[in-house]
Amino acid sequence: MLHIIDYIPDGLLESDAKDLHQILDGPTLIHLQGQRQPAVFVSALLHGNEPAGLHAVQAILKKYQGKTLPRDLSIFIGNVSAAKQGMRHLPGQHDYNRVWMPGNSAEHEMTEIIINEMRERGVFVSVDCHNNTGLNPHYGCVNKIDHRFLHLASMFTRTVVYFIRPQGVQSMAFAQLCPAVTLECGKIGDPVGLQEAVNLIDGCMHMHDLPEGPVHPQDIDLFHTVAIIKVPPEFSFAFESEEVDIRFPGSLDHMNFRELPVDTLFAQVREKASARLEAWDEQGNEVSERFFKIENGELRTRQAVMPSMLTLDEEVIRQDCLCYFMERMQGIG
């Protein structure tokens, strides 16, 4: 599956994500030489409908076109075939951001090759770029509470989320090699999120080292993901519709990164269908009763929660999840 090259293919800097299949034969790892080693690693299009990483890489390469890069740059361009269709992943494909762990598929084998390749070459930092579909601030995600990781994430934005579920994500695998961050760059076409990602990558290419001391508390808002919320596949759902098992309000994604009090209305449920939501904690336990209660057909929060990644995109909800619940973290200095 994986193609490894050491040059910029003709047309890459101008191509839309949907046209990459005309330039690349599939998932491609590109190693480019710079003035300093080891490399900054950037992954793009792990989800074929999230082009922020591709656009960030194009901006960086255009900036240094005809010049020597300040530091080695390794770029992984992922799901080219899904990008052609404008989809997160194709039917029957694995999610390219859930396969960075041992497994038996071709996608798992591909990511193992990339990890081993970068382990041997050395890697300074890892940056994985994504878009999202709901109303969210731009934020960075880390998988280790480590001052270098937090400094890296805070170069993008002061809003940082720590998580260890779901497993198999790129940043978690690379966290064993170097400081790693996932950048959530906002909705597709958001110019501010894209520019912030470009600034972070460019900044890393000029840095000698990441600071090892604590991030100042006034420079970071740190959250911890404590549960993944899913709609069970046996239940129908929609937004502002009457004829479904679970009916969400049309403004659901306005709850993102808001601290919701106890008893907040989350959805209307069809009681005869025993409709409900699932909540999975960091240990993989189903803990929906900790977070939700159902009374008179209303699903309400049992405790104060802060959602992230709430989306109105039904395909994303089915393929991935409805949202995550977070809590604030204190005392990281």
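The values are calculated or read from the model by the stated rules, or taken from the named source; none is laboratory data. No experiment lies behind these values; they were computed from the predicted model shown. Every residue, glycine as well, gets a Cβ built from its backbone with ideal geometry; the counts of neighbours run over all protein chains shown.
A compact table of results
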quantity: Segment 1-17, residues that are modelled with pLDDT of 95 or more and in a loop (DSSP other than H, G, I, E, B); calculated: 2, 6, 7, 8, 9, 10, 11, 12, 13, 14, 15, 16
quantity: Check on residue 43, over 26 Å from residue 192 (Cβ atoms) and either in a loop (DSSP other than H, G, I, E, B) or in contact with a helix residue (DSSP H, G or I) (Cβ under 9 Å, 6 or more places away or on another chain) (or both); calculated: no
quantity: Residue match in segment 63-74 (condition: touching a residue at least 60 places away in the same chain (Cβ under 8 Å), part of a strand (DSSP E or B) and under 20 Å from residue 182 (Cβ atoms)); calculated: yes
quantity: Any hit, segment 117-131, residues being among the polar types (S, T, N, Q), assigned by TED's automatic domain parsing to the domain that holds residue 55, under 27 Å from residue 34 (Cβ atoms) and not in a loop (DSSP other than H, G, I, E, B); calculated: yes
quantity: Flag for residue 151 being at pLDDT 95 or above, surrounded by fewer than 17 Cβ atoms within 10 Å (Cβ to Cβ) and more than 22 Å from residue 47 (Cα to Cα); calculated: no
quantity: Some residue of segment 93-103 being out of contact with any Asp or Glu (no Cβ under 6 Å at 6 or more places or on another chain), among the hydrophobic types (A, V, I, L, M, F, W, C) and crowded, with 22+ Cβ neighbours inside 10 Å; calculated: yes
quantity: Subset of segment 230-257 [assigned to a helix (DSSP H, G or I) and surrounded by 15 or more Cβ atoms within 10 Å (Cβ to Cβ)]; calculated: 252, 253, 255
